[in-house]
Structure formats: structure tokens, C-alpha cells
1. Quick check on segment 3-48: of everything there that is modelled with pLDDT of 80 or more and touching a helix residue (DSSP H, G or I) at 6+ places or on another chain (Cβ under 8 Å), which residue is surrounded by the fewest Cβ atoms within 10 Å (Cβ to Cβ)?
2. Residues to consider are 56, 79, 92, 61; find the one that is outside the structural domain of residue 38 (by TED's automatic domain parsing) and closer than 25 Å to residue 38 by Cβ.
3. Residue under question is residue 103, and the condition is that it be without any contact (Cβ under 8 Å) to a residue 60 or more places away in the chain, assigned to a loop (DSSP other than H, G, I, E, B) and within 17 Å of the chain's Cα centre (by Cα); does it hold?
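The values are calculated or read from the model by the stated rules, or taken from the named source; none is laboratory data. All figures in this text were calculated on a predicted structure; none of them were measured in a lab. Note that we place each Cβ from the backbone using ideal geometry, even for glycine, and neighbour counts take in every protein chain shown.
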């Protein structure tokens, strides 16, 4: 009985698979580093208090009234959540969004 592929074809295919595996491993390693760096950058700012954001009195007071004291709590909320807060309007949400962007952060819905 004859083999389906020759030894040379098998070795060539094995070499190709090994090359792709090596390339994928390198790309995965790079992606893991990027994700790690992004998580660390975000974690630097999440422990900060709301007072560190450049906000006017109205959004700062509205957040305080709702017991939002840290930036981490704020990034877990969406703009739809914020609009439900007392004295929180569209302008205040835009102001909060801009203040978060200064720290490379955003609200939960990306706003």
C-alpha cells in the first residue's frame, strides 16, 4: 500500500504549520503585552476621587448626591444611567465624558 503523501510533502507541511504556529505565538505575546499595558493605565486612574476631574459644580454635586465618589464608579456607569440622576442633564454628561477623556477613560457605553 502506497502512502497518501510522501515523506518530503509531510515534512514540508509540518514546517509550514510550525512557521504559522511561531508567527501566531509571537502575535499573541504582543497582544497580551498591549492588553496588560492598557489595563495598567486604566487602573492608575480608577483609584482617584471625582474631585480629580475638572468638573463644574452641577455635575460634581449631582455625582456627590448619588454617592459617586471615585472615578472607577463613574466608568462603570453609562450615559443612560447618568441621565437618570437628579440634576444631571446632557451638558453635564458631555462635561463628564470630556473630563474622563483627559485620563484616557470613558463611561461604560463608550461615551
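1. Of everything passing the filter in segment 3-48, 5 is surrounded by the fewest Cβ atoms within 10 Å (Cβ to Cβ).
2. 79
3. Judged against the criteria, residue 103 is a match.
Okay, residues lined up against (1) more than 23 Å from the chain's Cα centre (by Cα); (2) more than 12 Å from residue 109 (Cβ to Cβ); (3) buried (at least 19 other Cβ atoms within 10 Å of the Cβ):
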position: 53; (1), (2), (3): no, yes, yes
position: 59; (1), (2), (3): yes, yes, yes
position: 65; (1), (2), (3): yes, yes, no
position: 69; (1), (2), (3): no, yes, no
position: 72; (1), (2), (3): no, yes, no
position: 83; (1), (2), (3): no, no, no
position: 91; (1), (2), (3): yes, yes, no
position: 98; (1), (2), (3): no, yes, no
